[in-house]
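Structure, as structure tokens:
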Amino acid sequence: MEVNGKQASSTLCFDYNEAIYLYNSAYDPAYSSLSASLLLEVFDIRDAINAHKKRFDFLSGNEPYKYDLGGKDIPIYRCVISRS
């Protein structure tokens, strides 16, 4: 996202099957008063809806903005299989 021609925030998303996965996001602190990063993620969600995606996944992490945007926790399991 640009503000007055300068890069204010960016996101890296993966589009796979019926979902968009938000892998990472960043913003220039000079634009923090504009909530540029949060606004860009709102645009990402809007784009996912317009593309008829069934899910927008924020991936792991419990940052407050994810819940502010409607994120819900989904259990993540780790399974280790080894020989006895």
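We did not get these values from a lab; they are worked out from the coordinates using the rules stated. From a predicted model like this one, the values you see are computed outputs, not experimental measurements.
Computed quantities for the displayed model
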quantity	calculated
Cross-link partners of Lys54 among lysines (Cα-Cα below 21 Å; sequence separation of 8 or more within a chain)	Lys66, Lys72
0 to 90° range, to nearest 10: angle between helix 36-50 axis and the chain longest Cα axis	60 degrees
Identified option (computed semi-axes √(5λ) of the Cα gyration tensor in Å; candidates [x] 29, 16, 12; [y] 22, 19, 13; [z] 25, 15, 12)	[x]
Helix-derived mean residue ellipticity, 222 nm - over the chain, DSSP H n ≥ 4, -39500 (n - 2.57), to 500	-7000 deg cm²/dmol
